[in-house]
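Here's the structure, in structure tokens; my notes come after.
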């Protein structure tokens with residue numbers, strides 16, 4: 001990276017049911033680039049599935065807003081990056097705050113849609129009913145090989161359907177306000193992500209008003225993992241740790257040039 005990020009701060013936001021563990025490599029890269037870095041643990045995470053299931057989008061959004069404001073008191077510019085739900089929350093900050101740049105990594109603004117049909121799990125449309133029948137839904141934990149390829153820490157063996165409903169609500173709300181995002185935007189996605197469809201990132205890039213917007217595709221060949229954990233996957237983590245600091249260093253300058261162009 002040619003240009004330092006000294007004088008800036010970076011907020012790194014983890015994903016749904018996860019912990020800051022998945023952001024630590026990228027946080028380290030941003031620190032080495034000269035940033036003050038915040039990696040908050042979101043409400044309901046890192047404690048128990050029951051706590052998780054009592055939280056929703058407003059809890060998580062409030063937490064990242066507070067951390068953003070803390071960092072804004074320490075640095076001239078605040079950059080925001082997040083993985084999966086963390087990327088959704090980064091976009092939310094692009095609506096309610098004015099970050100210097102945003103990196104949305106495998107970020108969802110939808111998990112399924114009917115036209116054109118995209119659905120990773122047929123049960124998603126039935127979430128309002130299922131959450132009343134069984135609030136904590138059993139899931140298969142990740143296998144040893146999957147964790148070796150893409151390390152991860154968080155809730156395993158269960159998903160809080162109340163929390164998932166909160167995530168779905170947040171996706172609808174952020175998707176409706178994408179046009180209010182004006183910060184330089186980097187979206188990163190694996191074309192074969194089995195959790196969040198690539199079309200979600202394409203929707204984000206098409207929907208924001210950012211003068212600088214970039215979609216970076218990171219292919220993953222293996223079929224053991226969901227190909228979603230871009231910040232820890234053996235095939236993508238080094239690329240992400242290079243791409244994001246480079247974009248944060250250049251994106252705001254490019255945006256200023258675009259704004260001043262005749």
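The values are calculated or read from the model by the stated rules, or taken from the named source; none is laboratory data. Because the structure is a prediction, the values reported are computed rather than measured. Ideal geometry is used to build each Cβ from the backbone, glycine not excepted, and the neighbour counts take in all protein chains shown.
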Taking segment 1-31, which residues are surrounded by fewer than 18 Cβ atoms within 10 Å (Cβ to Cβ), modelled with pLDDT of 95 or more and within 17 Å of residue 75 (Cβ to Cβ)? 31
Of the residues in segment 143-171 that are in a loop (DSSP other than H, G, I, E, B) and in contact (Cβ under 8 Å) with a residue 60 or more places away in the chain, the one that is nearest to residue 236 (Cα to Cα) is 150
Count - residues of segment 95-116 that are more than 24 Å from residue 217 (Cβ to Cβ) and in a strand (DSSP E or B): 1
Condition test on residue 191, is it at pLDDT 95 or above, crowded, with 17+ Cβ neighbours inside 10 Å and assigned to a loop (DSSP other than H, G, I, E, B)? no
Qualifying positions in segment 1-55 - over 20 Å from residue 230 (Cβ atoms) and without any contact (Cβ under 8 Å) to a residue 24 or more places away in the chain: 43, 47, 48, 51
Candidates 34, 62, filtered to the one that is under 21 Å from residue 237 (Cβ atoms) and either in contact with a strand residue (DSSP E or B) (Cβ under 8 Å, 6 or more places away or on another chain) or not in a loop (DSSP other than H, G, I, E, B) (or both): 34
Which residues, counting only those in segment 117-136, are part of a strand (DSSP E or B) and modelled with pLDDT under 90? 117, 118, 119
Taking segment 172-184 and keeping residues surrounded by fewer than 19 Cβ atoms within 10 Å (Cβ to Cβ) and either in contact (Cβ under 8 Å) with a residue 60 or more places away in the chain or farther than 30 Å from residue 250 by Cα (or both) leaves 172, 173, 175, 177, 180, 182
Some residue of segment 71-86 being closer than 13 Å to residue 10 by Cα, in a helix (DSSP H, G or I), touching a strand residue (DSSP E or B) at 6+ places or on another chain (Cβ under 9 Å) and without any contact (Cβ under 8 Å) to a residue 40 or more places away in the chain: no
Among the candidates 215, 167, 198, single out the residue that is touching a helix residue (DSSP H, G or I) at 6+ places or on another chain (Cβ under 7 Å), at pLDDT 95 or above and under 30 Å from residue 54 (Cα atoms). 167
May I ask you to verify whether residue 174 is outside any strand (DSSP E or B) and within 21 Å of residue 11 (Cβ to Cβ)? yes
